Amino acid sequence: MDTALLIDDVRLTPILIADPPLLNIQGVHQPYTPRLIVEVTTRSGVTGVGETYGDGTYLDLARPLAEALPGHSVTHVNGLHHLAERVCGGSPAPEAGVDAGGLRGVRTAGKLRLSVVSGFEVACLDALGKTLGLPVHALLGGKVRDAVDYSAYLFYRWAEHPAGGAKDDWGAALDPAGIVAQARRLVADHGFRSFKLKGGVFPPDQEIAAVRALAEAFPGRPLRLDPNGAWSVGTSLYVARRLGGVLEYLEDPASGTDRMAEVAAGTDVPLATNMCVTTFPEIAGAFARDAVQVVLCDHHYWGGLHRTRELAAICRTYGVGLSMHSNTHLGISLAAMTHVAATVPNLDHACDSHYPWQTEDVITARHVFEGGRLAVSDAPGLGVELDRERLAALHRRWLDDDGTMRERDDAAAMRRADPEWVVPAVPRW
Ligand code: GKR
Ligand code: MG
């Protein structure tokens, strides 16, 4: 064994990053959202970086893993899962059903642990790539494309957070005209060629009108609508009928595999999910019932880049489409998303990314979309460099926080504007 590749030190840095007031079924994004930056340093002094969710529940799982990791090799990323099962606790049991209120599907300890492992896996692959002088995509078998397509992620939003936070010049977007204006600016800034609207915020007819306005403004461009399971089967079928000729896919119109299967049986519009198929045990039942035609992979909650490729192989085998999910993230995760996306032959749709909404980052050179695409880096590792000053500043914000922002809670953020707000039970409409 090459002892130079053994891990000598692991550093965890929780941070708070600015986030605009983007609306969803749960409420509104907080002014600041937690992320966790993972650094692993090898005996030869090479440091790799990873990024994952930073809420307290994730930190509680990350800390014992960080303690147990020194002495393990950065080559042995499959072993991370066993190590995490041993030291982090939490049941790896099959996770059936859907936490209807959540936006990331079921959140059992076993699933949170996968997101934590993903941050460590990416850091190990970054360190290994830097040591060998190879890009991460080469460690995954090699890229099959030189650039990865991303879609413009459109959100209903307020002009600013009601109770403080960073300001921006996007203004409010609360109707079809606002959504089209937002889309135009994202296209002008980044060149995106497809669009996803986060729905579940307004009654379905208003969201149908917004998608129709987008179709008129950008004829022929792929459009998606994602209400995060807000609708009943009947409402989902109504929306599918109204938008049949316009949608590339409808994402999680209804919550849970049962309802999705019922919707799928009644429409030709492909259904996508990042809520009812989020773990391997959920795949068989959903595919057998043809409940979803597109799965949104997310290397965080599928447990890393290797497992994302395993998911892709299963989708390919069963003729189910593959797209990529995003949650508020920074440039380290975007680099990881791009590397794995570059290696998957059957990535049939442009990937989601919240990145254009994140004005802060912890890397020295921000990623730049050109024509809505990101070039796949051939530099060693992920091809990003940590900006230690920025990291320290964002960690300082986390340390100084009185506790209100350290757990992402869109409902609590909404209650700061509307004390009566409760997360709507689904189906909401
Ligand atoms: O950022 O508000 C949001 C999204 O709703 C996010 O939390 C979801 O996980 O983007 C996600 C989705 O596609 O459902
Ligand atoms: Mg979704």
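The values are calculated or read from the model by the stated rules, or taken from the named source; none is laboratory data. Note that the structure is a prediction, hence the values are computed from the model and not measured. Neighbour counts run over all protein chains shown; Cβ positions are idealised from the backbone, glycine included. What goes into the accessible areas is simple: the full protein's heavy atoms, side chains included, and nothing from ligands, DNA or RNA. Shrake-Rupley method; radii C 1.70, N 1.55, O 1.52, S 1.80 Å.
Considering the stretch 218-250 alone, what residues qualify as being out of contact with any Asp or Glu (no Cβ under 7 Å at 6 or more places or on another chain) and either closer than 17 Å to Ala183 by Cα or outside the structural domain of Val263 (by TED's automatic domain parsing) (or both)? Of everything in the stretch 218-250, those that are out of contact with any Asp or Glu (no Cβ under 7 Å at 6 or more places or on another chain) and either closer than 17 Å to Ala183 by Cα or outside the structural domain of Val263 (by TED's automatic domain parsing) (or both) turn out to be Phe218, Pro219, Gly220, Arg221, Val246, Leu247, Glu248. Among the residues of the stretch 280-319, which ones are in contact with a helix residue (DSSP H, G or I) (Cβ under 6 Å, 6 or more places away or on another chain) and under 21 Å from Ser333 (Cβ atoms)? Selection gives Val295, Cys297, His299, His300, Tyr301, Trp302, Gly303, Gly304, Leu305, Thr308, Leu311. When Glu216 is tested against (1) open to solvent by 10 Å² or more (accessible area, probe 1.4 Å); (2) within 15 Å of ligand 1 (Cβ to nearest atom); (3) over 20 Å from Gly321 (Cβ atoms), only condition (2) is not met.
Please indicate, with yes or no, whether at least one residue in the stretch 385-402 is in contact with a Cys (Cβ under 9 Å, 6 or more places away or on another chain) and of a type outside the set (A, V, I, L, M, F, W, C). There is no residue in the stretch 385-402 that is in contact with a Cys (Cβ under 9 Å, 6 or more places away or on another chain) and of a type outside the set (A, V, I, L, M, F, W, C). Does any residue of the stretch 394-412 turn out to be closer than 25 Å to Leu154 by Cβ and either away from ligand 1 (no atom under 16 Å from the Cβ) or open to solvent by less than 10 Å² (accessible area, probe 1.4 Å) (or both)? Within the stretch 394-412, one or more residues are closer than 25 Å to Leu154 by Cβ and either away from ligand 1 (no atom under 16 Å from the Cβ) or open to solvent by less than 10 Å² (accessible area, probe 1.4 Å) (or both).
Going through Thr13, Thr42, Thr47, Thr33 one at a time, which residue ends up being among the β-branched types (Val, Ile, Thr) and touching a His at 6+ places or on another chain (Cβ under 8 Å)?
On the way: Thr42 fails: touching a His at 6+ places or on another chain (Cβ under 8 Å); Thr47 fails: touching a His at 6+ places or on another chain (Cβ under 8 Å); Thr33 fails: touching a His at 6+ places or on another chain (Cβ under 8 Å).
Being among the β-branched types (Val, Ile, Thr) and touching a His at 6+ places or on another chain (Cβ under 8 Å) holds for just one of Thr13, Thr42, Thr47, Thr33, which is Thr13.
Mind telling me which of the residues Thr343, Thr317 ends up being more than 21 Å from Ile37 (Cβ to Cβ), away from ligand 1 (no atom under 16 Å from the Cβ) and open to solvent by less than 10 Å² (accessible area, probe 1.4 Å)? If you could, list the steps in order and put the result at the bottom.
Working: Thr317 fails: open to solvent by less than 10 Å² (accessible area, probe 1.4 Å).
Exactly one of Thr343, Thr317 is more than 21 Å from Ile37 (Cβ to Cβ), away from ligand 1 (no atom under 16 Å from the Cβ) and open to solvent by less than 10 Å² (accessible area, probe 1.4 Å), namely Thr343.
Does Thr3 fit the bill of being open to solvent by 10 Å² or more (accessible area, probe 1.4 Å), free of Cβ contacts under 8 Å to residues at least 60 places away in the same chain and either in the same structural domain as Gly89 (by TED's automatic domain parsing) or more than 16 Å from ligand 1 (Cβ to nearest atom) (or both)?
Numbers: open to solvent by 10 Å² or more (accessible area, probe 1.4 Å): yes; free of Cβ contacts under 8 Å to residues at least 60 places away in the same chain: yes; either in the same structural domain as Gly89 (by TED's automatic domain parsing) or more than 16 Å from ligand 1 (Cβ to nearest atom) (or both): yes.
Here the answer is yes, as Thr3 does meet what is asked.
What number goes with the only condition from (1) open to solvent by less than 10 Å² (accessible area, probe 1.4 Å); (2) in contact with a Cys (Cβ under 6 Å, 6 or more places away or on another chain); (3) of a type in the set (Ser, Thr, Tyr) that Tyr301 does not pass? Checking Tyr301 against (1) open to solvent by less than 10 Å² (accessible area, probe 1.4 Å); (2) in contact with a Cys (Cβ under 6 Å, 6 or more places away or on another chain); (3) of a type in the set (Ser, Thr, Tyr), the one that fails is (2).
Do we find a residue being outside any loop (DSSP other than H, G, I, E, B) and over 23 Å from Asp226 (Cα atoms) anywhere in the stretch 322-333? Yes, the stretch 322-333 has at least one match.
The sole residue among Ala163, Ala127, Ala172, Ala152 that is more than 19 Å from Val246 (Cβ to Cβ), in contact with a strand residue (DSSP E or B) (Cβ under 7 Å, 6 or more places away or on another chain) and touching a residue at least 60 places away in the same chain (Cβ under 8 Å) is Ala127. Mind telling me which of the residues Glu85, Glu95 ends up being among the acidic types (Asp, Glu), modelled with pLDDT under 95 and closer than 30 Å to Arg428 by Cα? Answer to the check: Glu95.
How many residues are assigned to a loop (DSSP other than H, G, I, E, B) and in contact with a helix residue (DSSP H, G or I) (Cβ under 6 Å, 6 or more places away or on another chain) when one looks only at the stretch 238-272?
Step one: list which residues in the stretch 238-272 are assigned to a loop (DSSP other than H, G, I, E, B), which gives 244-246, 252-253, 255-256, 266-270.
Remaining after also requiring in contact with a helix residue (DSSP H, G or I) (Cβ under 6 Å, 6 or more places away or on another chain): 246, 253, 266-267, 269.
Qualifying residue count, the stretch 238-272: 5.
Pick from Thr57, Thr52, Thr33, Thr3: which is at pLDDT below 95 and within 18 Å of the chain's Cα centre (by Cα)? Just one listed residue meets the conditions, Thr57.
Kindly provide the set of residues from the stretch 155-212 that are open to solvent by 50 Å² or more (accessible area, probe 1.4 Å) and part of a helix (DSSP H, G or I), ordered by number. Spell out how you get there, then give the answer.
Our first condition is that a residue be open to solvent by 50 Å² or more (accessible area, probe 1.4 Å); within the stretch 155-212, this holds for 158, 160, 162-163, 166-170, 172, 174-175, 177, 181, 184-185, 188-189, 193, 203, 205-206, 212.
If the condition is that a residue be open to solvent by 50 Å² or more (accessible area, probe 1.4 Å) and part of a helix (DSSP H, G or I), then Ala177, Ala181, Arg184, Arg185, Ala188, Asp189, Asp205, Gln206, Arg212 are the ones that fit.
Being open to solvent by less than 10 Å² (accessible area, probe 1.4 Å) and of a type in the set (Lys, Arg) is a property that Arg35 has.
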